[in-house]
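The values are calculated or read from the model by the stated rules, or taken from the named source; none is laboratory data. This one's a predicted model, so the numbers in the text were calculated from it and none came from an experiment. Backbone-built Cβ (ideal geometry, glycine too); neighbour counts: all protein chains shown.
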Amino acid sequence: MRLLFFIIAMGLSITACNPEVSQRQSPAFDELLSVEIENAMESTSAVAMAIAVIRDGQVTHVSAHGIRDTSDNPLETETIMYAASITKAAFAYMVLQLVDEGLVDLDTPISEYLPEPLPSYTGEEIEDLYSSWSDLEGDDRWGNLTLRILLTHSPGFANFAFLEPDRRLRFHFEPGEQYSYSGVGFILAQFVLEYGLELDVRQEMQMRVFDHLGMPNSDMMWRDDFAENNAYGWDQTGQAYYHDDRSKTRAAGSLDSTIADIAQLAAGLVRGEGLSEPAREEFTGRHLPITVRTQFPTLQDELPADEQIEGFFAGLGVVVFDGPQGPGFMKGGHNEMTGNTMVCLIETQDCVVILANDVRAEAAFPALVEYVLGETGAPWSWEYGNMEFWQRNSQ
């Protein structure tokens, strides 16, 4: 909770001199923003941060600040950074393209796509790539799962099976009943596409997302050319670590990218680029109210109605919230060495994306987003409310 108090304190210090709307859109704003970022890095002890701004659905600012490695090489807008769970928003966007083409339906049970019952898929390769689906043997509720349920974090699973006391996957509530963050749900959605429709998710993401939106330095798996300009990561203690070279495509969070590329992703998402109107509405639809106090730990009891965040829902791969400037959506990404956020306002098509290869930078995110966009109503207390658990278990 100490980080949450720090977030509040930083918010007060920055919003006291928050620029007017006209200033946020002036040519001098880039310089003002750079000063704020440098101040935020100093206040949090973060060694680096990259930021992008989208106005009216178009990228208007991209910058990188600080260092990318232990040799003090500068972080650049083309430096490879770990996108973490922002991957989930990109994956949901790809799935909606499949929906538009009639290849999948959000509400068709996954049992209709898989040639064999889900628990019958076993073997080292499947367990290494995904999870032990055989853990669900004898529980027919897997047949009630749909892509909508999986993409709204409501399958009833823990975040990952390895977080269970016995490391076995199980249902904790009826599928679709409530929101509870689940990365393994997204991995199951990937499994359905690959084993049910025989699609290569890495190739589909390349064609439908990265190539389509102009993201040349993005991939769901590590590429050798990434090593030339690659960001290390710094944890809460200031310890540096080499970037994890991910060798598996994982819809829950294997995307490597750059701030320049993720800026194009955010712009495409807020525009609904290439999606039909119904698909755009599904992406930021109010599919399920979010009724728990914080994102982590998962599997929390629901709050009493009068304590729940009003106007707060699960979209597909994002969360959707009501604010003083109308509805918005957001998606974070985090591991021990990474802190990312993407916040977008739907009506104005304005966004802020921040990628940090130093997890300490997260404490500055709420105030920086407000500095750029004004008050959005983004649910920061839910996002970062239990940071100690987040640091141990999320990705």
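Numbers below:
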read-out	value
Test for ASP256: is it in contact (Cβ under 8 Å) with a residue 40 or more places away in the chain, in contact with a strand residue (DSSP E or B) (Cβ under 8 Å, 6 or more places away or on another chain) and crowded, with 24+ Cβ neighbours inside 10 Å	yes
Residue match in region 304-324 (condition: at pLDDT 95 or above, acidic (Asp, Glu) and either in contact with a His (Cβ under 6 Å, 6 or more places away or on another chain) or in a strand (DSSP E or B) (or both))	yes
For VAL99: the one exception among (1) without any contact (Cβ under 8 Å) to a residue 60 or more places away in the chain; (2) part of a helix (DSSP H, G or I); (3) of a type outside the set (Gly, Ala, Ser); (4) surrounded by 18 or more Cβ atoms within 10 Å (Cβ to Cβ)	(1)
Residues (free of Cβ contacts under 8 Å to residues at least 24 places away in the same chain and part of a loop (DSSP other than H, G, I, E, B)) located in region 118-156	THR122, GLY123, GLU137, GLY138
In region 175-228, residue farthest from PRO297 (Cα to Cα) [restricted to those that are surrounded by 21 or more Cβ atoms within 10 Å (Cβ to Cβ) and among the small types (Gly, Ala, Ser)]	SER218
Every residue from region 260-282 that is touching a Leu at 6+ places or on another chain (Cβ under 7 Å) and either surrounded by fewer than 24 Cβ atoms within 10 Å (Cβ to Cβ) or in a strand (DSSP E or B) (or both)	GLY268, GLU273, LEU275, ALA279, GLU282
Inter-residue pairs, beta-carbon under 7 Å, first loosely packed, with under 13 Cβ neighbours inside 10 Å and in region 34-46, second of a type in the set (Ser, Thr, Tyr) and part of a helix (DSSP H, G or I), 6+ apart	none
Count of residues meeting criterion [outside any loop (DSSP other than H, G, I, E, B), aromatic (Phe, Trp, Tyr) and closer than 18 Å to VAL318 by Cβ] in region 157-193	1
